[in-house]
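One structure is given here, and the rest of the page talks about it.
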Amino acid sequence: MAKTQPRLGDQIPDLIEALLAELGEDPERPGLKETPARVARALRQLTDGYGVQPEDVIAGAVFDQDYDEMVVVKDIPFYSLCEHHMLPFFGRCHVGYLPKGKVVGLSKIPRLVGVFAHRLQLQERLTKDIAEALNGTLLPGGVGVVVEARHLCMEMRGVEKPGGQMITSCMLGTFRKDPRTRAEFLNLVRHP
Ligand SMILES: [Zn+2]
């Protein structure tokens, strides 16, 4: 890999070095020598969703299309960091919408999920962010988002049993108002 140095002026390596010492480690020992720079690069990558506008993700991939059946993209994997502990939560996201004259290129939906996941998040807010971004850019008849995730902050600290999933959903427009639309969506994203 070419990227060996974090970007110039990045404060994170110094902060991590101080953190390692605070934890009782010797930041000078060989195994940890490169750790501050590595952590800085990892954290920058895992939070690179800041400053990215959902409109920019979708821009150029919205098409006028006379199609009014439900579009569903299911099992989109994502990895995020919880804002309370900065520990990973990860899982799958299912997105559906009812087009009203506009559809979006399918690859853009996972990209949109990634942009919101690569910020410090709460699962509830991640779910809502995705739904509202699609609602605001496509102006569809409705949007449904379901997120299923494991939270390492809960599992590693023993707050919850390993493997437990937290499920959140956000339904907008017809997905909220019409039980049949909602049921169709939930049926489509249900695991076999
Ligand atoms: Zn947490």
### Identity of the residue in segment 154-167, of a type outside the set (Gly, Ala, Ser) and within 14 Å of the ligand (Cβ to nearest atom), that ends up least open to solvent (accessible area, probe 1.4 Å)
Glu155
### Message
Looking at segment 103-153 only, could you name the residues that are within 16 Å of the ligand (Cβ to nearest atom), in contact (Cβ under 8 Å) with a residue 40 or more places away in the chain and either part of a helix (DSSP H, G or I) or open to solvent by 10 Å² or more (accessible area, probe 1.4 Å) (or both)?
### Response
Ala117, Arg119, Leu120, Leu122, Gln123, Glu124, Leu126, Thr127, Arg150, His151, Leu152, Cys153
### Task
Return the total of residues in segment 170-191 being part of a helix (DSSP H, G or I) and under 22 Å from Gly91 (Cβ atoms).
7
### Message
Restricting to segment 40-92, give me the number of residues that are modelled with pLDDT under 90 and under 24 Å from Pro13 (Cα atoms).
### Response
1
### Task
Filter the helices (runs of 4 or more DSSP H) completely within segment 7-58 down to those with at least 2 residues that are under 30 Å from Leu106 (Cα atoms) and in contact with a strand residue (DSSP E or B) (Cβ under 9 Å, 6 or more places away or on another chain).
35-46
### Summary
Of those in segment 63-86 that are away from the ligand (no atom under 16 Å from the Cβ) and assigned to a loop (DSSP other than H, G, I, E, B), the residue nearest to Pro162 (Cα to Cα) is Met70
### Task
Spot the failing condition for Ile76; the list is (1) among the hydrophobic types (A, V, I, L, M, F, W, C); (2) under 23 Å from Thr168 (Cα atoms); (3) open to solvent by 50 Å² or more (accessible area, probe 1.4 Å), and only one is missed.
(3)
### Query
Is segment 87-102 home to any residue that is within 20 Å of Arg150 (Cα to Cα), open to solvent by less than 60 Å² (accessible area, probe 1.4 Å), in a strand (DSSP E or B) and β-branched (Val, Ile, Thr)?
yes
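The values are calculated or read from the model by the stated rules, or taken from the named source; none is laboratory data. Since we're looking at a predicted model, the values are computed, not measured. Here Cβ is always computed from backbone atoms with ideal geometry, including for glycine, and neighbour counts include all displayed protein chains. What goes into the accessible areas is simple: the full protein's heavy atoms, side chains included, and nothing from ligands, DNA or RNA. Shrake-Rupley method; radii C 1.70, N 1.55, O 1.52, S 1.80 Å.
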